[in-house]
Each structure stands twice: as C-alpha cells, then as structure tokens.
Amino acid sequence: MQPKKIGKDALAALFDRIKDEYEVYAPAGREFFERVTSFHEVELSRRATAKNIFFPPEQSLFKFRRMEGGYDIKMDGMKRKVALFGARACDTHAINMMDRYMMGDIEDEYYANIRKNCIIVGITCNEPFKSCFCTYFGNFEPCFYDIWLTDIGEHYIIEAGSRAGENIINSIQCEDASREDMEMKMKVIERAKEKMSIPSKKFDASAFSERYHSNIWHEIMERCICCGKCNFACPTCHCFDVFDTINLDGSGERKRKWDSCHFYDYARTSAENFRKERISRVKYRVYDKFVFSMERYGMQACVGCGRCYDVCPAEIDLREIIEVMA
Amino acid sequence: MSFIPYLTKIEKIVQECNDTKTFWVEYSNSFNPGQFVEISVLGYGEAPISIAGGYENGIMLSIRAAGNVTKKLHNMKEGDVVGIRGPFGKPWPVNDVMGENLLMIAGGIGLAPLRPCIMHAIENRNDYGEVLLLYGARSPVQMLYRREYEEWRKSIDMDIIVDRGDESWKGKIGLVTELMDEVDFKGYAFVCGPPVMMKFVSMKLLEMGFDKSKIFLSLERNMKCGMGICGHCAIAGKYVCLDGPVFSLEDAMTMLEKPVELEGVL
Ligand SMILES: Cc1cc2nc3c(=O)[nH]c(=O)nc-3n(C[C@H](O)[C@H](O)[C@H](O)COP(=O)(O)OP(=O)(O)OC[C@H]3O[C@@H](n4cnc5c(N)ncnc54)[C@H](O)[C@@H]3O)c2cc1C
Ligand code: SF4
Ligand code: SF4
Ligand code: FES
C-alpha cells in the first residue's frame, strides 16, 4: 500500500476507528501505557513502556477452589483484542525481544493471548529524549507495526505494515503522500537521529566478556542501590516471581509479579544465595542485556531506549558503561 | 507446557530421616533419571523436586522440609491432593556412559536425583563397567533409602561416610572426598550435593584425572517456572531448568558467570 497522509485533526478519527474494534492503550500521563477511551487522553509526545499490557506487573495464573476430593482450577486469562496507540520504534524492538522470551519454544499463554491479538500503531520520534540511544543499535526504525505515523508538520505520514493496518487506513479519510512529503519524512528522521547522543565506540559484545572481571564493575556496584527500578522500567525485563494467596474458605489464587535480578533474594534457595554479592547482581543485569541474550536468542536484549537511566536514582547510564567496556 | 498443575494424590509417605520424607505420587508422565517436577500445594506455592524414582502408578519424591511448601508437604497425609507439573530439565547422560565405568557421588539430599540413575544402572547392569556410589551424609540418622542399600550392593559398589557418627555407627567418619582418596577410578562421574561439597568433589575428581567432559553436576537454583520464562534459575544466560539441572563440568566451567559451586575450581 502506498504511503498516505492525514491532517493532524484527523488523528482523532483514526483513534475512534481503532477504538471501535480494540481496547486501546496509550501514553497518557504515566511511565506505562494506560487504557484510554478518548483521543484527548493520549499524550503522543510522551514516551511510555508498553510491556505491562502483555505482561502486567501482577497477574493471576489461575484461581482454585476447594471441592469434594480436590480442587477446581480455573485459568484466568482471556484472549483480548488490544491496540497500542503511540508506541515508539524502540517499543517494537523491545516487543520483538519479549516475543522471544515469552513465545519461543515454550509459549507463555497469558502473554500470547494478548500479544497475538494486538495491533501496534506507532509514531516516529521527531525529538529524541536525552536518555535515548536507540540509533546506536540501529533501532530508530520500527521492526514491525500495523500503522506507523510520522509528524511532518501540517500532516502525518501514515503507513501500513500489515493487512489489519491497511484495512483501518482504507476506512478513514486520507490522501496519497507526495514525493515531497516522503522527503520531508526522511528529513525528520535524519534530524532526530543526529540529535541523539550515543557512545563513541562501536559496540563489541566480546569486549564485555573480556572485561567481566574489570574493576569498573566495583565502581558501578558502589553506586547501584539495587532498587530494581531499571528492571521495572525496562521494556525487555521479563523476570517474575510466583506466589499463592489463600482466602478463609480455602479458595485462592496463584499469581505472578514482576521481579528484579537486583533484589537480594532473587537467586536465593534453601541451599545458598547464588548472587549474594551486590556486584554479581549489578553485572548480571548488564551482561544479560548485552551478552547472554545474544548467545541465547541471537539478539541484544537492550534496545537503547534509555528508560533505565531515566528512573535510576544513581544515574547509572548504560552509555557510560558501554563507553568504558566496548 | 503450562502453569496449571495436574492434580493428583499422595499414595504413600515414608519418613526417610529426621527432616526428609519420601512421597509416592500418582503421575503418568514418563521421565528420565535426573529430571525434576514442580510440586504444588495450592495456597502455599510450588517447589522444584527431583524425581527420585518411578513406580507403577507414578513417581517418588524425597523432600526435605526447608520452607513454606516443603514444610506443608511434611504435614500432609496419604490421600491428600497435590499438584504436579513436569518433568523438566536435562537428565543424566546415562546412555553416553554405556560400556564405561560410572562413579556416583552424593551428598545429603543429593542422593535423591541420583537414585533413578542407580536404579537404571542396576536394571541395565551389563551395559556398564564398574559402578560405584559414594555417599556422604551429615549423620547416620540422616541417610536416605537405608532400607535399599542391601539390595543395591548386590549389583553395585557403595561406600558411605558421615560427618558425625553416633553410638551405633561403626562406619567411616569424615567428608565424602575422603572416600574418593581410597579409590582408583577412571570413567564418568555424576555428582549432586550441597554447593561446597560439589566444589571439593570437582577438585578431587580433576586431581584423580577425570576428564572435565566426563564429570556431570546437578545444580540447584531458585526456580519459579521450570520453563525458561521467569529468569530466576539463569546462570550466565543458561537456564538451569531447561539446559540443566545436569551440566558437564566442562560446560559449567566455561560459563562467564562462574557457578558458585565451582568457585576456586581451576
Ligand atoms: C532442580 C532442583 C531439584 C531439587 N530437588 C530436591 C529434592 O529432590 N528434594 C528436596 O528436598 N529439595 C530439592 N530441591 C530444593 C527444593 O526445591 C527447595 O528446598 C524448595 O524449593 C524449598 O521450597 P519451600 O517453599 O519449602 O521453601 P521456601 O519457603 O522457599 O524457603 C526455603 C529456605 O530459604 C529461606 N528463604 C527463602 N526465601 C526467603 C526470604 N525471602 N527471606 C528469608 N529466608 C528465605 C527459608 O527460610 C527456607 O530456609 C531441588 C531444587 C532444584 C532447583
Ligand atoms: S535503577 Fe539504578 S540504582 Fe536501581 S537497581 Fe537499577 S541501576 Fe541500580
Ligand atoms: S536496558 Fe535500559 S536502555 Fe536498554 S532496553 Fe532496558 S531500559 Fe532501555
Ligand atoms: S525456572 Fe523459570 S526460567 Fe528456569
């Protein structure tokens, strides 16, 4: 389908068209995507993490109820049609990574139920945030989308990346984008890319491996308070804890909730705490992003979105770490 | 594979020693020696437990009362309902060892994951060369499967040592590595026990001339899913629940984040 353009005031119509068919989630004032029902709530200029939509901070795995001779178990988790409205390119790369964690050889049903019925309506970043370094990993362009928007001034370029996206675009009022419009889009992209502050050295995962025992880790460890905020903000951190709750009548629920590899108890067992030392936990997160994910999934788990830096009370910036390591 | 456990009954419970009981649980999924299941007590949680053996209706699980779930299990009765998921994980490479000598070294509850391997060696005795089991327990009353030793000894060699003896104990006292000093053995070694035990046993095996690729360790980690999703069991990006729990010493030694069990092993 040829790229189209729509006037800025037509975006509400696009939103409404999507809302008719999907539960819509968008950046709307917080750090995470939220349920929105009207276009006015959407903050397109805001960047938010979308992983909570597929993988909620806390979620029921199943409910159980005592009955004669055993239990009755009911799985929570229904298929839902969901739209992300206002995702960024880094979000698409992050979702791509999450798909590998959650829908690889073994499929996480809860994640898949939403992910497989989800459309992504994204938008090009005209103005990078100060923590952004996605271009460093070649992630400025989205890796998949249903509909993609680019603000070129008076209009948005609107492009379809799937049949679903195409159908939606065909059902709203828009005109073909001209050559000039598309040139403008390229210009917007070039300008944004140039503004990004990225590490000066080329990325080299093997350099990370070689410096595993480097003293720099001690300096970073001294600063990190192991609060886990970076993990919660990160669109590719997927670790969770599982726990049961029980009611007075013996019914209850098995649930999972986000966990952080920075927490003291994360690798604790009845025999040993396998990452007792803070430095082992601080290193683990970074190596899991840059080295281990590459070995296992053929993909770096860090997409360069900088959200971990935004939330870190110790202002730990992966760009600095890359600068010394790579 | 899912998070929903299969509900089943505890058929039989035997007190093994002061802190460990063996549960016979009805379960039809087949397993290989060294694999584990997740056992649930609804309302309390789930714990990874090695399959200690099979019987016509299911599996045997030897469980030490260590915390929330395991203590609750110790308070349950025959006929009570538990949930099972699995089996999970890579087994001991029993087929690679065919025609060779096999040394099994267990410490404490570490005998449980080796028991199916012992049974396999006994049932297929002619497929193996020498088979020797060295077992270290904290005290005579803490030894697992005592009722079975006599039968085992008809097919395989076995030696036992305890940290602390008691009035009735006439056997050896000391660490399991001291038993290793007494033998001259070449071939494969399968090891399971507490982290420090695995460290000193690995060192000793290397000293004895065992090949790194022929030493296998069963590692324990925090596990919340058993399916490579929750992240908890990872060591250097390897999931102990999927890629392990059995690893060759060679593979374990090349992990960037060295397993705590091998700290100091060169
Ligand atoms: C592959 C594998 C196979 C295993 N096989 C066996 C087996 O065959 N038999 C067996 O007995 N065990 C086995 N284990 C170990 C067993 O899984 C643990 O003992 C079990 O998970 C403990 O669960 P729990 O809920 O009873 O204890 P938990 O309540 O989880 O507690 C365990 C211990 O850690 C302490 N602890 C845990 N969390 C905290 C915290 N947040 N703060 C303070 N203290 C804490 C508790 O006080 C307790 O001492 C195996 C483990 C693995 C990974
Ligand atoms: S947010 Fe910062 S201080 Fe907190 S755990 Fe992450 S790196 Fe450490
Ligand atoms: S590690 Fe930081 S920069 Fe990388 S994807 Fe996660 S939040 Fe973004
Ligand atoms: S137990 Fe969850 S990843 Fe291994």
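The values are calculated or read from the model by the stated rules, or taken from the named source; none is laboratory data. Computed from a predicted structure; not experimentally measured. When we count neighbours, we look across all protein chains shown, and the Cβ atoms used for this are built from the backbone with ideal geometry, even at glycine. The area values use the complete protein model at the heavy-atom level, side chains included, leaving out ligands, DNA and RNA. Shrake-Rupley method; radii C 1.70, N 1.55, O 1.52, S 1.80 Å.
Restricting the first residue to segment B:67-96 and requiring it to be more than 11 Å from chain A (Cβ to nearest Cβ), which pairs with a second residue that is of a type in the set (F, W, Y) and more than 16 Å from ligand 4 (Cβ to nearest atom) meet a Cβ separation below 6 Å and a spacing of at least six or different chains?
Cβ pairs passing all conditions: B:I84/B:Y6; B:I84/B:Y27; B:P87/B:F31; B:W92/B:F190.
Take the residues in segment A:148-174 that are open to solvent by 10 Å² or more (accessible area, probe 1.4 Å) and β-branched (V, I, T), then tell me which one is farthest from A:G86 (Cα to Cα).
The qualifying residue farthest from A:G86 (Cα to Cα) is A:I172.
Quick check on segment A:273-291: of everything there that is open to solvent by 20 Å² or more (accessible area, probe 1.4 Å), of a type outside the set (K, R) and touching a residue at least 24 places away in the same chain (Cβ under 8 Å), which residue is farthest from the other protein chains (Cβ to nearest Cβ)?
The selected residue is A:I279.
Quick check: is even one residue across segment B:13-33 open to solvent by less than 10 Å² (accessible area, probe 1.4 Å) and outside any strand (DSSP E or B)?
no
Please enumerate the residues belonging to segment A:289-303 that are away from ligand 2 (no atom under 13 Å from the Cβ) and either out of contact with any Phe, Trp or Tyr (no Cβ under 7 Å at 6 or more places or on another chain) or farther than 25 Å from B:K238 by Cβ (or both).
Hits for segment A:289-303 are A:F292, A:S293, A:M294, A:E295, A:R296, A:Y297, A:G298, A:M299, A:A301.
Among the residues of segment A:226-244, which ones are within 15 Å of ligand 1 (Cβ to nearest atom) and either open to solvent by 30 Å² or more (accessible area, probe 1.4 Å) or facing another protein chain (nearest Cβ under 10 Å) (or both)?
Answer for segment A:226-244, where residues must be within 15 Å of ligand 1 (Cβ to nearest atom) and either open to solvent by 30 Å² or more (accessible area, probe 1.4 Å) or facing another protein chain (nearest Cβ under 10 Å) (or both): A:D241, A:V242, A:F243, A:D244.
Does A:G298 satisfy being more than 16 Å from ligand 3 (Cβ to nearest atom), at positive phi and either without any contact (Cβ under 8 Å) to a residue 24 or more places away in the chain or surrounded by 18 or more Cβ atoms within 10 Å (Cβ to Cβ) (or both)? So that I can check it myself, show each step before the final result.
Details: more than 16 Å from ligand 3 (Cβ to nearest atom): yes; at positive phi: yes; either without any contact (Cβ under 8 Å) to a residue 24 or more places away in the chain or surrounded by 18 or more Cβ atoms within 10 Å (Cβ to Cβ) (or both): yes.
When the stated conditions are applied, A:G298 passes them.
Which one is nearest to ligand 3 (Cβ to nearest atom), of the residues in segment A:121-168 that are within 16 Å of A:A94 (Cα to Cα) and assigned to a strand (DSSP E or B)?
For segment A:121-168, the residue satisfying everything is A:G122.
Working carefully through the options A:S270, A:S200, find the one that is open to solvent by 40 Å² or more (accessible area, probe 1.4 Å), more than 16 Å from ligand 3 (Cβ to nearest atom) and facing chain B (nearest Cβ under 8 Å).
None of the others qualify; the one that does is A:S270.
Quick check on B:G79: is it on the phi > 0 side of the Ramachandran plot, open to solvent by 30 Å² or more (accessible area, probe 1.4 Å) and among the small types (G, A, S)?
Here the answer is yes, as B:G79 does meet what is asked.
Can you say whether A:R254 is surrounded by 16 or more Cβ atoms within 10 Å (Cβ to Cβ), touching a residue at least 60 places away in the same chain (Cβ under 8 Å) and within 16 Å of ligand 4 (Cβ to nearest atom), as far as the supplied structure shows?
yes
Can you pull out the strands (runs of 3 or more DSSP E) entirely within segment A:1-96 that have at least 2 residues that are open to solvent by 10 Å² or more (accessible area, probe 1.4 Å) and not aliphatic (A, V, I, L, M)? I'd like the intermediate steps shown before the answer.
Working: elements: A:4-7, A:23-26, A:58-67, A:70-75, A:82-87.
Filter on segment A:1-96 gives A:4-7, A:23-26, A:58-67, A:70-75.
Quick check, is B:M208 open to solvent by 10 Å² or more (accessible area, probe 1.4 Å), within 14 Å of chain A (Cβ to nearest Cβ) and of a type in the set (A, V, I, L, M)?
In short, no.
Filter segment A:97-142 down to residues that are open to solvent by less than 30 Å² (accessible area, probe 1.4 Å), small (G, A, S) and closer than 14 Å to A:H238 by Cβ, then give me how many there are.
1
Inspect segment A:292-313 for any residue being within 16 Å of the chain's Cα centre (by Cα) and facing another protein chain (nearest Cβ under 9 Å) and give the result as yes or no.
Checked against the condition, which is being within 16 Å of the chain's Cα centre (by Cα) and facing another protein chain (nearest Cβ under 9 Å), segment A:292-313 yields at least one hit.
Can you pull out every residue in segment A:181-210 that is in contact with a helix residue (DSSP H, G or I) (Cβ under 7 Å, 6 or more places away or on another chain), assigned to a helix (DSSP H, G or I) and not hydroxyl-bearing (S, T, Y)?
Result: A:K193, A:A205, A:A207, A:F208.
Answer with yes or no whether B:L61 is surrounded by 17 or more Cβ atoms within 10 Å (Cβ to Cβ) and either in contact with a Cys (Cβ under 8 Å, 6 or more places away or on another chain) or modelled with pLDDT under 95 (or both).
Values: surrounded by 17 or more Cβ atoms within 10 Å (Cβ to Cβ): yes; either in contact with a Cys (Cβ under 8 Å, 6 or more places away or on another chain) or modelled with pLDDT under 95 (or both): no.
Considered against the rule, which asks whether it is surrounded by 17 or more Cβ atoms within 10 Å (Cβ to Cβ) and either in contact with a Cys (Cβ under 8 Å, 6 or more places away or on another chain) or modelled with pLDDT under 95 (or both), B:L61 comes out as no.
Step by step: first the residues of segment A:303-322, then only those that are touching a Ser or Thr at 6+ places or on another chain (Cβ under 7 Å) and assigned to a helix (DSSP H, G or I), then the one that is nearest to ligand 3 (Cβ to nearest atom). Which residue is that? First the steps, then the outcome.
To start, the set of residues in segment A:303-322 that are touching a Ser or Thr at 6+ places or on another chain (Cβ under 7 Å) comprises A:303, A:306-307, A:309-310.
Imposing the further condition that a residue be assigned to a helix (DSSP H, G or I) reduces the set to A:307, A:309-310.
Working: A:R307: 4, A:Y309: 7, A:D310: 8 Å.
Only one residue fits best here, namely A:R307.
Considering each residue of segment B:236-254, count those that are within 15 Å of ligand 4 (Cβ to nearest atom) and in contact with a Lys or Arg (Cβ under 7 Å, 6 or more places away or on another chain), and give that number. Explain how you work it out, then say what you get.
So in segment B:236-254, the residues within 15 Å of ligand 4 (Cβ to nearest atom) come out as B:236-247.
When the remaining residues are screened for being in contact with a Lys or Arg (Cβ under 7 Å, 6 or more places away or on another chain), the result is B:237, B:240, B:243-244, B:246.
Number satisfying all stated conditions: 5.
Working only within segment B:164-217, note down all residues that are among the polar types (S, T, N, Q) and not in a loop (DSSP other than H, G, I, E, B).
Result: B:T177, B:S202, B:S213.
Taking segment B:232-266, which residues are surrounded by fewer than 24 Cβ atoms within 10 Å (Cβ to Cβ) and of a type in the set (G, A, S)?
Listed by number, the residues that qualify are B:A236, B:G237, B:S248, B:G264.
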